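See structure below.
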Amino acid sequence: MGLFRKTMAQRVVRLVRTMRKNAENMRMWKNIPLARESVELLRAIDDPKETPMAKAMACRAIIDLLPEYDVPRLVLGILRYQLELVQLSEEHDAERYPTEEEVKADIQRLEDYLDVEHVSSSEFQQRYQRHLKADPIERTPEWEAIYCEVEQECDRRLKGTPRGMGFCFPYWSMRREVLAEHGIAWRSPHEMNPHVLFD
């Protein structure tokens, strides 16, 4: 049984490494199923050597590799699990580890992001010092439900397109097209922020 637990912890480490490579290659959408798998593995590990804070740190690494505003409900679930772990932990070093207050602040930020009935886009921007406007559709469950599928299709259709400077424009155009095929009208960051120069 100990070998099985060790293998699960090693699997989490391998998944996080793969997620880092995906992020470096501008394909963070690929990290969504890997994040789900990683958290399931973390929950299943009950080896006392894998402390709650070690798991909380793994949660932090996973969250950092997700497009959090595109999948806020997923990230919120991981943050709530991270909070449980931090509260269980006997390790408290604010310089090295996430604190309960920091995790609660992250939870509140995403809860505000999702609370479209009470927190408008402009209120959210002001409250959390976000300078770029985003299409409100991005805050909906419908967006999150198809996000991975849409990104995968955009990636497939843009295969071979150089991903350097200026890539955002063909990407946004393709994203708009694919989302329209799903019945979602979406405005790009350029359309939402016409006075901002993008490259």
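Of all accessible surface on segment 73-199 at a 1.4 Å probe, what whole percent is carbon and sulfur?
Details: 4000 of 7710 Å².
Carbon with sulfur: 52 percent of the solvent-accessible area.
Among Arg130, Arg73, Arg60, which one shows the biggest mean-square fluctuation in a GNM of the chain, springs joining Cα atoms closer than 10 Å?
The residue with the greatest mean-square fluctuation here is Arg130.
For segment 137-199, rounded, prolate or oblate, judged on the Cα gyration tensor with a ≥ b ≥ c (square roots of eigenvalues), a/c < 1.5 rounded, else prolate if a/b > b/c?
On the way: a/c = 2.24, a/b = 1.16, b/c = 1.93.
It comes out oblate by the Cα gyration axes.
Using Cα springs under 10 Å in a Gaussian network model of the chain, which residue among Ala23, Ala185, Ala61 shows the largest mean-square fluctuation?
Ala185
Per residue, how much accessible area does the chain have with a 1.4 Å probe, in Å²? Before the final figure, lay out the partial values.
On the way: 11620 Å² over 199 residues.
The answer is 58 Å² per residue.
On full extension of the chain, what length is gained from Thr140 through Val116, given 0.36 nm per residue of separation minus the C-alpha to C-alpha distance? Show your work: numbers first, answer last.
Numbers: separation 24, 0.36 × 24 = 8.64 nm, distance 0.84 nm.
7.8 nm is the gain from fully extending Thr140 to Val116.
Using a 1.4 Å probe and counting only protein heavy atoms, arrange Met28, Met53, Met165 so the residue with the most accessible area comes first.
On the way: Met28 60, Met53 5, Met165 165 Å².
The most accessible residue leads, giving Met165, Met28, Met53.
Could you tally the net charge around Arg27, taking each other residue with its Cβ under 15 Å from the Cβ of Arg27, Lys/Arg +1 and Asp/Glu -1? It would help to have the intermediate numbers written out before the result.
Values: positive: Arg17, Arg20, Lys21, Lys30, Arg156, Arg157, Lys159, Arg163, Arg175; negative: Glu24, Asp70, Glu149, Glu151, Glu153, Asp155.
It works out to a net charge of +3.
For the chain, with a Gaussian network of springs between Cα atoms less than 10 Å apart, report the residue from Arg96, Arg139, Arg11 with the top mean-square fluctuation.
Arg96
Give the residue from Gln125, His195, Met26 lying farthest towards the positive end of the charge dipole for the chain; charges sit on Cβ (+1 for Lys and Arg, -1 for Asp and Glu) and the dipole is referred to the Cα centre.
Met26
Determine the dipole magnitude for segment 107-199: charges of +1 sit on the beta-carbon of Lys and Arg, -1 on that of Asp and Glu, nothing else is charged, the reference point is the Cα centre, and the result goes in debye to the nearest 20. Working shown, then result.
Details: 12 positive and 17 negative charges, 91 e Å.
It comes to approximately 440 debye.
Can you compute the charge dipole magnitude of the chain about its Cα centre, using +1 on each Lys and Arg Cβ and -1 on each Asp and Glu Cβ, nothing else charged? Give it in debye, rounded to the nearest 20.
Numbers: 30 positive and 35 negative charges, 193 e Å.
With only Lys, Arg, Asp and Glu charged at Cβ, the dipole is about 920 debye.
Provide the gained length on full extension for the span Arg127 to Asp47, in nm with one decimal, where the gain is 0.36 nm per separating residue minus the Cα-Cα distance. Walk me through the numbers before you get to the answer.
Values: separation 80, 0.36 × 80 = 28.80 nm, distance 4.04 nm.
Full-extension gain reported as 24.8 nm.
Using only helices, what value at 222 nm comes out for the chain when you add -39,500 (n - 2.57) per DSSP H run of length 4 or more and divide by the total residues, to the nearest 500 deg cm²/dmol? Kindly include the intermediate steps, with their values, before the conclusion.
On the way: 9 runs with 124 residues, N = 199.
Result for the chain, helices only: -20000 deg cm²/dmol.
Could you give the distance between the Cα centres of segment 168-186 and segment 61-103, to the whole Å?
With segment 168-186 and segment 61-103 each reduced to a Cα centre, they are spaced 31 Å.
Estimate the FRET efficiency between Glu90 and Glu40 by the formula 1/(1 + (r/R0)^6), using the beta-carbon distance for r and 41 Å for R0, to the nearest 0.05. Each step should come with its number before you reach the end.
Working: r = 25 Å, r/R0 = 0.60.
For R0 = 41 Å, the calculated efficiency reads 0.95.
Just checking my list (1) 49, 34, 28; (2) 63, 37, 36; (3) 52, 39, 29 against Cα extents along the principal axes in Å computed from this structure; which label fits?
(3)
Which of the three applies to segment 52-96, rounded, prolate or oblate, going by the alpha-carbon gyration tensor with a ≥ b ≥ c and a/c under 1.5 meaning rounded? Kindly include the intermediate steps, with their values, before the conclusion.
Numbers: a/c = 2.88, a/b = 1.92, b/c = 1.50.
Cα axes put segment 52-96 in the prolate bin.
With a ≥ b ≥ c the root eigenvalues of the C-alpha gyration tensor of segment 41-157, is it rounded (a/c under 1.5), prolate (a/b larger than b/c) or oblate? Display every interim value, and only then the final one.
Working: a/c = 2.57, a/b = 1.50, b/c = 1.71.
The shape class here is oblate.
Over the C-alpha atoms of segment 1-102, what are the Rg and the largest Cα-to-Cα span, Dmax, in Å?
Values for segment 1-102 (Cα only, Rg and Dmax): 13.4, 38 Å.
Give the longest segment of the chain that steers clear of GluC sites (Glu not before Pro) in DSSP loops with at most 15 neighbouring Cβ atoms within 10 Å, not counting the sites themselves.
Numbers: sites that count: Glu90, Glu91, Glu95, Glu117.
Segment 1-89 is the longest.
The values are calculated or read from the model by the stated rules, or taken from the named source; none is laboratory data. Small disclaimer: the values here were computed from a predicted structure and weren't measured. Cβ: placed from backbone, ideal geometry, glycine included. Neighbour counts: every protein chain shown. To get the accessible areas, we keep the full protein, side chains included, count just its heavy atoms, and leave off ligands, DNA and RNA. Shrake-Rupley method; radii C 1.70, N 1.55, O 1.52, S 1.80 Å.
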